[in-house]
1. Kindly indicate whether any position in segment 90-111 is of a type in the set (Asp, Glu) and crowded, with 23+ Cβ neighbours inside 10 Å.
2. I'd like the residue in segment 3-19 that is small (Gly, Ala, Ser) and modelled with pLDDT of 95 or more and, out of all such residues, is nearest to the chain's Cα centre (by Cα).
3. Please enumerate the residues belonging to segment 290-336 that are buried (at least 16 other Cβ atoms within 10 Å of the Cβ) and part of a strand (DSSP E or B).
4. Mind listing whichever residues of segment 46-72 are polar (S, T, N, Q) and surrounded by fewer than 18 Cβ atoms within 10 Å (Cβ to Cβ)?
5. Which ones in segment 316-363 are under 25 Å from residue 187 (Cα atoms), out of contact with any Pro (no Cβ under 6 Å at 6 or more places or on another chain) and of a type outside the set (D, E, K, R)?
6. Name the single residue that is nearest to the chain's Cα centre (by Cα) among those in segment 195-205 being under 20 Å from residue 21 (Cβ atoms) and surrounded by fewer than 19 Cβ atoms within 10 Å (Cβ to Cβ).
7. Does segment 125-138 contain at least one residue that is in the same structural domain as residue 83 (by TED's automatic domain parsing), crowded, with 19+ Cβ neighbours inside 10 Å and over 18 Å from residue 360 (Cβ atoms)?
8. Could you give every pair whose Cβ atoms fall below 8 Å, whose first residue belongs to segment 29-47 and is touching a residue at least 24 places away in the same chain (Cβ under 8 Å), and whose second residue is surrounded by 20 or more Cβ atoms within 10 Å (Cβ to Cβ) and among the acidic types (Asp, Glu), counting only separations of at least 6 or pairs across chains?
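The values are calculated or read from the model by the stated rules, or taken from the named source; none is laboratory data. From a predicted model like this one, the values you see are computed outputs, not experimental measurements. No Cβ is skipped: glycine too gets one built from the backbone with ideal geometry, and neighbour counts run over all protein chains shown.
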Amino acid sequence: MKIVFAAFKYDYADKSRGFSYEYFNFWGTLSRMYGDDIVYFPLDEKTMELGRNGMNKALLELVKREEPDVLFCNLFGDELKPKTIESITKNTKTITLNWFGDDQWRFSNFSKYWAPLFDWVATTDPNAVDKYKNIGYSNVIRSQYAANDQIYKPSSTEETYGVTFVGRNYGNRGGLVEFLQENGVSVDCWGKGWPNGRISQEKMVDVFSKSKISLNFTDVSASTLDLKTLIKTIAKVFIYRGVNNTYRIPSIRIIFRNIINFSLPKPRPQIKGRNFEIPACGGFLLTQEAEDLYNFYEYSKEIDVFREKEDLLEKANYYLKHDEECREIAKAGYERTMKEHTWEKRFSNVISSAIRGGKKVVK
């Protein structure tokens, strides 16, 4: 089987930020699974080199030349032209597949318009299958985020840190951390918006492995109400960041979609990669609850969850005093992750499902 994988190579298509999540996790796993039978087509790098029109032309030529069984995309925005995907779907034997990881908050202004162009889509939203059915699209594969076990793995059994968090500071995250600290629980934080700043992926894995408690917040930026995030969200209605940190004004059609999406009820907390990456490092995960998370881990036995800030404080204090119980839960979470929640298992299911389903019937 031959595959072409099309996605960003750099974080938010900005070369100065280093490699992207897709590069480390999607490409890192797929290249290990398929070796020489998979070709990476970096959408951002090709756009920097050839321009948007040239990049789209190059992808079409690559598919015609290589005749892959699957074109596996992970679109961020409108880097590909709709007619590019439509042409491959309708005029070649290649099965087109896209991974939609944010349908909880991007379905109404993004996924619903792109999905019909593909033979198959994968979604992490437990409610998305019905959303797609409502627009007349049925070739949907339910999946979820996972961990790349070649990157996220235990680095040490030594506990160097107490309570930690790695991730951006937005919404109510700062308030929750401040609440813990005001009530005697010290928290070390890294990431954009925190005084410690960002850390390398290697350092992040080390922190997950060596923390007594690793926190995770499952809220999404689109659901937060703090002024800074609200201003950024409104700005994104009328302007968006393109390749290599350039900015573009979307079409009137896209602006209209964004306005409608902005007016919809705010999305509920969603499962994120951290929910699997922390247990994969052998760390103890105390996470904000997210819809459907209970289907992936058993609470209080493989991970634990909090709902309100008082619940977070109570559980943080409890687990800081119960080291052995923390270790037992972390061990069980690690074993569950290795058994069921690696990217290799996710992609094996998604790609094999698309292959079995084959080309959709074009009406």
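1. Scanning segment 90-111, I find at least one residue that is of a type in the set (Asp, Glu) and crowded, with 23+ Cβ neighbours inside 10 Å, so the answer is yes.
2. 7
3. 303, 304, 305, 306
4. Just the residues of segment 46-72 that are polar (S, T, N, Q), to begin with: 47, 53, 56.
Passing the criteria: only 53.
5. Taking segment 316-363 and keeping what is under 25 Å from residue 187 (Cα atoms), we get 316-334.
The next check asks that each one be out of contact with any Pro (no Cβ under 6 Å at 6 or more places or on another chain); those that pass are 316-332.
Residues satisfying the conditions are 316, 317, 318, 319, 320, 322, 326, 329, 330, 332.
6. 201
7. Yes, segment 125-138 contains at least one residue that is in the same structural domain as residue 83 (by TED's automatic domain parsing), crowded, with 19+ Cβ neighbours inside 10 Å and over 18 Å from residue 360 (Cβ atoms).
8. As it stands, the answer is 43/79; 44/79; 47/79, since those pairs meet every condition given.
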